[in-house]
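Structure first, commentary second.
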Amino acid sequence: MSKYQRKVLVSTSAGIALENMDIMFLAFSLSSIISTFGISGTQAGLIATITNLGMLVGGIFFGLMADKYGRVKVFSQTVILFSVASLLMYFASNIYLVYLFRFIAGIGAGGEYGACMSLISETFPKKHLGKATSMAGIGGQVGAMLAAILASLIIPTFGWEMLYVIGVLPVIMVLFIRRDLKEPEAFEETKASGRNTSLWSLFANPKTAWQTIGLTAMVTVQIAGYFGLMNWLPSIMQTRLGLSVSGSSLWMVSTILGMSVGMLTFGTIMDKIGARRSYVIFLICSALSVYLLVLARNQWTLITAAVIVGYFINGMYGGYGAIISRLYPTAIRATANNFIMNLGRAVGGFSSIVIGFLMDNYDLQAVVLFLSLIYLVSLTVLMTIPGIKALNEQV
């Protein structure tokens with residue numbers, strides 16, 4: 001890895017970490033926001049929905065902008081946008097301003113992903129792309145842990161509003177981005193050729209349209225499994241095994257560590273044996289490993305299960321940036337990354353509602369069966385996308 005490649009990887013990883021930190025602030029401050037504004041659970045749940053909607057809007061808009069004007073420019077602009085929106089939360093005097101500021105933060109956060117993945121894919125050789133995008137993706141897990149640590153230190157003493165003031169610090173990173181990073185040669189060549197950027201290019205012909213739809217479905221499953229594991233299972237296990245909050249926090253940290261190791265090793269495996277074979281292995285193991293959660297009988301068997309399940313179900317996340325970047329040309333690369341990832345995130349986020357319904361009417365076994373089945377659905381979709389098979393043959 002050259003010195004410049006290291007700069008690109010550090011910058012994009014830090015950007016993704018700070019973006020996810022800002023998004024995760026909501027999870028840790030939600031109860032305090034409910035108390036401050038005296039809102040219902042439905043009104044509180046709408047905050048996350050509005051944030052996801054902003055991410056979808058921002059993903060499409062800034063994806064097109066990154067393909068037209070440059071990855072580095074849009075990367076820095078999105079960081080500024082979600083950082084300033086985070087700061088504005090300090091001044092929110094009612095729930096409607098909270099909705100507005102989180103929508104704006106979502107626009108910035110949703111726009112960043114495609115610029116980062118495109119910048120990485122146009123800086124690193126194809127043979128190392130899986131590992132590079134996976135390493136950048138680990139930044140998201142670091143951001144989640146930072147959010148948890150900062151929330152525990154700041155909210156009890158200074159209140160939830162001050163937590164969002166910390167979210168403005170990423171603006172400082174923009175100075176580093178603008179000074180040390182340059183637009184990739186592949187982008188400059190495409191820009192000079194005058195090729196048009198259009199969202200409809202993702203559906204230009206039946207093969208490309210199915211590729212876009214299929215990858216979106218796979219990302220939807222990826223996000224659904226992640227939200228299911230991180231949002232619901234800690235509280236489920238508190239009830240089922242009588243764990244304390246600190247015990248469930250240890251569970252979450254163990255899961256995040258498993259996810260991070262899984263992402264790092266998945267990228268290396270994908271570079272060695274190809275995308276299709278790697279996803280087949282991890283999707284099958286994900287469908288099987290979730291049943292370990294049913295077998296857990298105490299805190300330590302649960303933590304062991306969490307590490308194994310986290311390793312497989314989220315190990316695949318970092319690979320999507322590499323796959324999408326290789327399947328779509330430079331002219332629509334950022335647009336493809338943002339559209340597929342943020343639409344999948346918006347739809348996959350509804351898994352929390354499904355899991356809540358299953359818990360209300362059935363039990364943990366039903367939740368595990370649901371998670372297992374969606375990974376098998378993803379596996380079926382994977383086998384129908386010809387572009388991924390072609391990537392396998394290039395290894």
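The values are calculated or read from the model by the stated rules, or taken from the named source; none is laboratory data. Quick caveat, the model's predicted, so the values are computed rather than measured. Here the Cβ is made from the backbone with ideal geometry for all residues, glycine too, and neighbour counts use every protein chain on show. For accessibility, only protein heavy atoms count, side chains too; no ligands or nucleic acids. Shrake-Rupley method; radii C 1.70, N 1.55, O 1.52, S 1.80 Å.
Taking segment 347-376 as the range and being within 30 Å of Ile107 (Cα to Cα) and surrounded by fewer than 19 Cβ atoms within 10 Å (Cβ to Cβ) as the test, the residues that pass are Val347, Phe350, Ser352, Ile353, Val354, Gly356, Phe357. Among the residues making up segment 166-185, those that are buried (at least 16 other Cβ atoms within 10 Å of the Cβ) and part of a helix (DSSP H, G or I) are Ile166, Val171, Met173, Val174, Ile177.
Tell me, please, whether a residue that is within 22 Å of Thr265 (Cα to Cα), among the aromatic types (Phe, Trp, Tyr) and open to solvent by 40 Å² or more (accessible area, probe 1.4 Å) can be found in segment 302-313. Yes. Within segment 200-233, restricting attention to residues that are closer than 18 Å to Ile355 by Cα and among the polar types (S, T, N, Q), which residue is most open to solvent (accessible area, probe 1.4 Å)? For segment 200-233, the residue satisfying everything is Asn231.
Just name the residue that is most open to solvent (accessible area, probe 1.4 Å) out of those in segment 87-124 that are over 15 Å from Met341 (Cβ atoms) and among the hydroxyl-bearing types (Ser, Thr, Tyr). Here the answer is Tyr96. What about Arg6, is it more than 24 Å from Val165 (Cα to Cα) and either open to solvent by less than 40 Å² (accessible area, probe 1.4 Å) or among the small types (Gly, Ala, Ser) (or both)? Criteria not met by Arg6. Restricting Leu379, Leu364, Leu358, Leu369 to residues that are without any contact (Cβ under 8 Å) to a residue 12 or more places away in the chain and among the hydrophobic types (A, V, I, L, M, F, W, C) narrows the list to Leu369.
The single condition from (1) within 21 Å of Val10 (Cβ to Cβ); (2) free of Cβ contacts under 8 Å to residues at least 60 places away in the same chain; (3) open to solvent by less than 30 Å² (accessible area, probe 1.4 Å) that Ile149 fails is (3).
The number of residues in segment 357-391 being acidic (Asp, Glu) and in a helix (DSSP H, G or I) comes to 1.
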